[in-house]
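Asker: Here you go, one structure.
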Amino acid sequence: MRAPVLSDDFPSSQLKIFGHSMHLVYDQQKAIIYGGILGMAAQVQATTSELFELNLDTLALRKIKPKAESRKPKPRAFHASALISDYLIILGGKGDSQEFRADLWLFSLCKRDPHSASLSWTQMTILSPSGEHELEFAELVYHTMISVPKNNLLVARFANNVAWSTYFSC
């Protein structure tokens, strides 16, 4: 399935989306929306990896374009995300053909610092607490992730009557 073609600016009333993540940027009167299953009017719905900015004053929706050289995550819905400072963090999710995502991505929203990798995606490596090897996650979907004080993340999931959680230090 192909996602609907969207212009850079379009009325948010035309967009249908679910399985996405959304974060409020308190000091800028905007919200950041990532991924999900996207459709417009009668068009076919498909999983997307698009990133949007919603102006909370005007309700105008604008597509955020990553730098051209930036790799980006594969399309996904039902992922977890957190906003820490000027960084959006995406973890896991589910793709179009029911495959699960078990990767971690960081998007830099910072436009103020000319030395930062602003408006670009970076795939992150998740190391074990000892730092000796990469951790792998399987079927990481329908979970939640929140930022906690001092730029840390808590990821939690409940499946098959078992609760699971882990804590990351950024």
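The values are calculated or read from the model by the stated rules, or taken from the named source; none is laboratory data. From a predicted model like this one, the values you see are computed outputs, not experimental measurements. Every residue, glycine as well, gets a Cβ built from its backbone with ideal geometry; the counts of neighbours run over all protein chains shown. Protein only, heavy atoms only, side chains kept; ligands, DNA and RNA dropped before computing areas. Shrake-Rupley method; radii C 1.70, N 1.55, O 1.52, S 1.80 Å.
Asker: How big is segment 30-105 by Rg and Dmax over its Cα atoms, in Å?
Answerer: Computed over the Cα atoms of segment 30-105, radius of gyration and Dmax are 13.1, 37 Å.
Asker: Let me ask something additional. Arrange the residues 86, 57 by how much accessible surface each exposes, largest first, with a 1.4 angstrom probe.
Answerer: Most to least solvent-accessible, the answer reads 57, 86.
Asker: Another question, then. Determine how many Å³ per residue the convex hull of the Cα atoms of segment 65-105 encloses.
Answerer: Value for segment 65-105: 83 Å³ per residue.
Asker: What distance in nm lies between label points placed 7 Å from Cα along the C-beta direction at residue 120 and residue 26?
Answerer: 3.0 nm
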